[in-house]
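Comments concern the structure below.
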Amino acid sequence: MILFLFINNTISEELFKNNHNVHNDDTTFKDFLAWRFKGDRPDRVSIEISDEFNNAKRLPENSYAVWIGHASFLIHNKNINILTDPIFSKRASPFSFMGPKRLIPPGINIDKLPPIDVVTISHAHYDHLDLPSLKKLYKKNKDTLFLVPMNLGKLLKSSGVKNVVEMNWWDTITIKESLITFVPVHHWSSRTPFDKNETLWGGWWFETNSSKLLHLGDTGYTYDFVTIHKELGSPDFAFIPIGAYEPRSLMKDSHLNPEESIQAAIDLKTNKAIGMHWGTFMLTDEPVLDPPIRLNKELERLNLENLFLIPKPGEIISLE
Ligand SMILES: [Zn+2]
């Protein structure tokens, strides 16, 4: 799958572009093939998960978030329930029999979810836009609104998922007194060999009169974080990817490494960052358990030990 995603680097028209060409990417298809067929991959290990949410008799009334795994969170923000990039499937892949397989079960059993008001999708990649999960969520609650980047509406609608709104960077929509804004990050999109960057990618900003939250989706390092802060202010909590960063030569344009995740938090001037996008699927070369270890080492060096939370999947994180 990753192979044909890379082939389309060379053959398709690109509709959307990043704001900044920070990395001057000079890798070639040959470099990519050499990496894919190198063979040695990190060991499959499981990170620790919590049954706190699944076993909760009553859910907190105050704002909270639960990491489901990868970039999927349940966010209860004041009076609204949001799901970000929900993936409950066994694999992040167009195929049920091949492609990256989960290392851990979802931190929330899909049947235990409260009624969901809004699902946000950051971009088209299979580990963030999982159609089987979206179909299940729509079937469970026909009132759920699905917010997607420009040009992704067609895919959901053709799969029977209704209530879809496409958004461009800086578009805002108000739902139950929450202001939701789509913001630029540095990434790309594709689902087939022929559709590179034909659909947009980005992060989601959620604002009520008492809190500002930001979910970055999937991103490389970019000046966009400074712009987001200039336009919208300092988030109280920013959900920031910390994994899928090796080998650097091939991943730097798509994914933050832990040092860059810290810089992103600093650029955004977030009060607190929540680490995500690790420990769920093996997409890249770093050992599964490395991202938070490397992150904490750097936080210690910078005297910023309290900047990041690294939750367990299934654990209830207070957003107060
Ligand atoms: Zn991606």
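The values are calculated or read from the model by the stated rules, or taken from the named source; none is laboratory data. Since we're looking at a predicted model, the values are computed, not measured. Here the Cβ is made from the backbone with ideal geometry for all residues, glycine too, and neighbour counts use every protein chain on show.
Might you check whether a residue that is buried (at least 23 other Cβ atoms within 10 Å of the Cβ), farther than 25 Å from Asn168 by Cα and among the hydroxyl-bearing types (Ser, Thr, Tyr) occurs anywhere in the stretch 269-280?
yes
I'd like the full set of residues that are without any contact (Cβ under 8 Å) to a residue 60 or more places away in the chain and out of contact with any strand residue (DSSP E or B) (no Cβ under 8 Å at 6 or more places or on another chain), limited to the stretch 164-216.
Asn209, the sole residue that qualifies.
Can you confirm whether the stretch 105-115 contains a residue that is away from the ligand (no atom under 16 Å from the Cβ), free of Cβ contacts under 8 Å to residues at least 24 places away in the same chain and either closer than 30 Å to Arg44 by Cα or within 19 Å of the chain's Cα centre (by Cα) (or both)?
Yes, some residue in the stretch 105-115 is away from the ligand (no atom under 16 Å from the Cβ), free of Cβ contacts under 8 Å to residues at least 24 places away in the same chain and either closer than 30 Å to Arg44 by Cα or within 19 Å of the chain's Cα centre (by Cα) (or both).
For Arg102, work out the one condition from (1) buried (at least 19 other Cβ atoms within 10 Å of the Cβ); (2) out of contact with any Gly (no Cβ under 6 Å at 6 or more places or on another chain) it doesn't fulfil.
Unmet condition: (1).
For the stretch 246-271: of the residues being at pLDDT 95 or above and within 14 Å of the ligand (Cβ to nearest atom), which is nearest to Lys38 (Cα to Cα)?
In this case the residue turns out to be His255.
Of the residues Arg36, Arg44, only one is under 21 Å from Pro241 (Cβ atoms), surrounded by fewer than 16 Cβ atoms within 10 Å (Cβ to Cβ) and touching a Leu at 6+ places or on another chain (Cβ under 8 Å); which?
Only one candidate qualifies: Arg44.
Check Asp117, Asp51 and return the single one that is buried (at least 16 other Cβ atoms within 10 Å of the Cβ), out of contact with any Phe, Trp or Tyr (no Cβ under 8 Å at 6 or more places or on another chain) and acidic (Asp, Glu). I'd like the intermediate steps shown before the answer.
Numbers: Asp51 fails: buried (at least 16 other Cβ atoms within 10 Å of the Cβ).
Testing whether each residue is buried (at least 16 other Cβ atoms within 10 Å of the Cβ), out of contact with any Phe, Trp or Tyr (no Cβ under 8 Å at 6 or more places or on another chain) and acidic (Asp, Glu) leaves just Asp117.
State whether one or more residues within the stretch 128-137 are in contact with a strand residue (DSSP E or B) (Cβ under 7 Å, 6 or more places away or on another chain), in contact (Cβ under 8 Å) with a residue 24 or more places away in the chain and in a loop (DSSP other than H, G, I, E, B).
No, that holds for no residue.
Which of the residues that make up the stretch 83-120 are outside any strand (DSSP E or B), under 22 Å from Thr219 (Cβ atoms) and in contact with a helix residue (DSSP H, G or I) (Cβ under 8 Å, 6 or more places away or on another chain)?
The answer is Pro86, Ile87.
Listed residues Thr199, Thr222, Thr208; which is within 12 Å of the ligand (Cβ to nearest atom), of a type outside the set (D, E, K, R) and over 13 Å from the mean Cα position of the chain (by Cα)?
Matching residue, one of Thr199, Thr222, Thr208: Thr199.
Give just the number: which of (1) surrounded by fewer than 24 Cβ atoms within 10 Å (Cβ to Cβ); (2) among the hydrophobic types (A, V, I, L, M, F, W, C); (3) under 15 Å from Leu213 (Cβ atoms) does Met251 not satisfy?
Evaluating Met251 over (1) surrounded by fewer than 24 Cβ atoms within 10 Å (Cβ to Cβ); (2) among the hydrophobic types (A, V, I, L, M, F, W, C); (3) under 15 Å from Leu213 (Cβ atoms) leaves (3) as the failure.
If Val288 passes every condition in (1) within 16 Å of the ligand (Cβ to nearest atom); (2) surrounded by fewer than 24 Cβ atoms within 10 Å (Cβ to Cβ) but one, which one does it miss?
With respect to (1) within 16 Å of the ligand (Cβ to nearest atom); (2) surrounded by fewer than 24 Cβ atoms within 10 Å (Cβ to Cβ), Val288 is out only on (1).
Is it the case that Leu216 is of a type in the set (A, V, I, L, M) and more than 13 Å from the ligand (Cβ to nearest atom)?
Values: of a type in the set (A, V, I, L, M): yes; more than 13 Å from the ligand (Cβ to nearest atom): no.
Here the answer is no, as Leu216 does not meet what is asked.
Do you know which residues across the stretch 217-228 are closer than 15 Å to Trp170 by Cα and free of Cβ contacts under 8 Å to residues at least 60 places away in the same chain?
Phe225, Val226, Ile228
Within the stretch 139-196, count every residue that is assigned to a loop (DSSP other than H, G, I, E, B) and more than 19 Å from Ile75 (Cβ to Cβ).
23
Might you check whether a residue that is surrounded by 15 or more Cβ atoms within 10 Å (Cβ to Cβ) and either within 18 Å of Glu14 (Cβ to Cβ) or modelled with pLDDT under 95 (or both) occurs anywhere in the stretch 157-165?
No, that holds for no residue.
Cβ-Cβ below 9 Å, separation at least six or inter-chain, first residue in the stretch 244-268 and touching a residue at least 60 places away in the same chain (Cβ under 8 Å) and closer than 12 Å to Asp285 by Cβ, second within 16 Å of the ligand (Cβ to nearest atom) and not in a loop (DSSP other than H, G, I, E, B): which pairs?
Leu250/Phe32
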